[in-house]
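Data first, discussion second: the structure below is written as structure tokens.
The values are calculated or read from the model by the stated rules, or taken from the named source; none is laboratory data. No experiment lies behind these values; they were computed from the predicted model shown. Because the Cβ atoms are built from the backbone with ideal geometry, glycine has one as well, and the counts that use them run over all protein chains shown. Side chains are part of the model used for accessible areas, which takes the heavy atoms of the whole protein and leaves out ligands, DNA and RNA. Shrake-Rupley method; radii C 1.70, N 1.55, O 1.52, S 1.80 Å.
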Amino acid sequence: GQIAAKASYVGSRGVHLERRYEGNAALPPGPGNINARRRYPIFRQIAQQESSASSSFHSLQLSGEKRLSRGLMFLAGYTWSKSIDDASSWNPNSDSSPWAQDPRNLRLERGRSAFDLRHRFTLSYVWELPIRTSSAAVNCFLSGWQAAGIVTFQTGFPTTPNVGGDIPNAGTRNTRANLNGPGNLPPSERTLDRWFNTSAFSAPAPFTFGT
């Protein structure tokens with residue numbers, strides 16, 4: 001046939017990935033001078049980096065290909081996937097914060113990867129334009145033209161709401177917001193100014209980590 005289709009499962013597992021956290025935090029959170037409460041007050045902040053993070057990736061990948069016939073060819077692909085890790089990056093200049101909120105409980109860092117894309121569709125095509133006239137001279141200039149392109153549709157990246165300031169007073173360099181309810185809004189209620197439920201997030205109480 002002129003069209004070939006393929007379905008496949010693709011998965012991966014990552015171990016010994018890089019992560020960062022404050023190795024000299026003032027824990028547990030509480031009032032008082034941060035440096036005086038650190039394990040090693042003389043050293044103040046310590047950026048601890050180690051290969052202890054992990055990740056997992058699962059995906060269903062569909063593709064269809066049409067060989068050139070009747071002036072048209074295309075290659076289409078759709079991927080439905082989910083990527084989970086407990087450290088998407090150790091680079092402080094990346095979109096996700098590399099610093100663990102609570103170095104005592106690194107399991108709480110596990111969630112959707114900062115680069116996770118749930119849905120992605122791509123289409124590349126070539127179409128020979130069917131331009132024909134009764135004039136051979138005109139056909140010399142108008143025939144043989146092609147239109148080609150690549151189209152991509154994908155869902156957005158996840159995000160983690162953070163709050164400014166060291167509310168826990170622990171010197172861990174990262175504080176998350178509290179989650180008070182569902183963050184998603186029904187499609188009928190979404191606007192450019194309020195695409196998600198902003199009231200679902202709030203700053204944590206003093207001397208506590210966000211949920």
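Kindly indicate the residue of the stretch 28-70 that is crowded, with 16+ Cβ neighbours inside 10 Å and in contact with a Ser or Thr (Cβ under 8 Å, 6 or more places away or on another chain) and also farthest from Glu109 (Cα to Cα) among those meeting that condition.
Ranking the qualifying residues of the stretch 28-70, first place goes to Ser59.
Yes or no, residue by residue, for (1) outside any helix (DSSP H, G or I); (2) without any contact (Cβ under 8 Å) to a residue 40 or more places away in the chain; (3) surrounded by fewer than 15 Cβ atoms within 10 Å (Cβ to Cβ):
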site: Tyr125; (1), (2), (3): yes, no, no
site: Pro130; (1), (2), (3): yes, no, yes
site: Phe153; (1), (2), (3): yes, yes, yes
site: Thr160; (1), (2), (3): yes, no, no
site: Ile167; (1), (2), (3): yes, no, no
site: Gly171; (1), (2), (3): yes, no, no
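Can you tell me which condition Leu108 does not meet? The list is (1) touching a residue at least 12 places away in the same chain (Cβ under 8 Å); (2) aliphatic (A, V, I, L, M); (3) outside any loop (DSSP other than H, G, I, E, B); (4) closer than 26 Å to Ser51 by Cβ, and all the others hold.
Result: Leu108 fails condition (1) only.
Among the residues of the stretch 71-91 satisfying the criterion of being part of a loop (DSSP other than H, G, I, E, B) and touching a Phe, Trp or Tyr at 6+ places or on another chain (Cβ under 8 Å), which is surrounded by the most Cβ atoms within 10 Å (Cβ to Cβ)? Reasoning before the result, please.
Of the stretch 71-91, the ones part of a loop (DSSP other than H, G, I, E, B) are 71, 86-91.
Now narrow it down to the ones that are touching a Phe, Trp or Tyr at 6+ places or on another chain (Cβ under 8 Å): 71, 88.
Details: Gly71: 11, Ser88: 26.
Restricting to residues being part of a loop (DSSP other than H, G, I, E, B) and touching a Phe, Trp or Tyr at 6+ places or on another chain (Cβ under 8 Å), the top hit is Ser88.
Look through Ile42, Ile34 and report the one residue that is within 30 Å of Pro204 (Cα to Cα) and touching a residue at least 40 places away in the same chain (Cβ under 8 Å). So that I can check it myself, show each step before the final result.
Values: Ile42 fails: touching a residue at least 40 places away in the same chain (Cβ under 8 Å).
The conditions single out Ile34.
Hey, can you tell me all the residues within the stretch 180-211 that are open to solvent by 50 Å² or more (accessible area, probe 1.4 Å) and either touching a Gly at 6+ places or on another chain (Cβ under 8 Å) or among the charged types (D, E, K, R) (or both)?
Taking the stretch 180-211 first, the residues open to solvent by 50 Å² or more (accessible area, probe 1.4 Å) are 180, 182, 184, 186-196, 198-199, 201, 203, 205-208, 211.
Answer for the stretch 180-211, where residues must be open to solvent by 50 Å² or more (accessible area, probe 1.4 Å) and either touching a Gly at 6+ places or on another chain (Cβ under 8 Å) or among the charged types (D, E, K, R) (or both): Glu189, Arg190, Asp193, Arg194, Phe196, Ser199, Phe201, Ala203, Phe207.
May I ask you to verify whether Ala36 is in a strand (DSSP E or B) and more than 21 Å from the chain's Cα centre (by Cα)? Talk me through it step by step, then tell me what you get.
Details: in a strand (DSSP E or B): no; more than 21 Å from the chain's Cα centre (by Cα): yes.
When the stated conditions are applied, Ala36 does not pass them.
Residue under question is Arg112, and the condition is that it be surrounded by fewer than 14 Cβ atoms within 10 Å (Cβ to Cβ), closer than 30 Å to Gly23 by Cβ and under 22 Å from the mean Cα position of the chain (by Cα); does it hold?
Values: surrounded by fewer than 14 Cβ atoms within 10 Å (Cβ to Cβ): no; closer than 30 Å to Gly23 by Cβ: yes; under 22 Å from the mean Cα position of the chain (by Cα): yes.
Taking the combined requirement at face value, the residue does not satisfy it.
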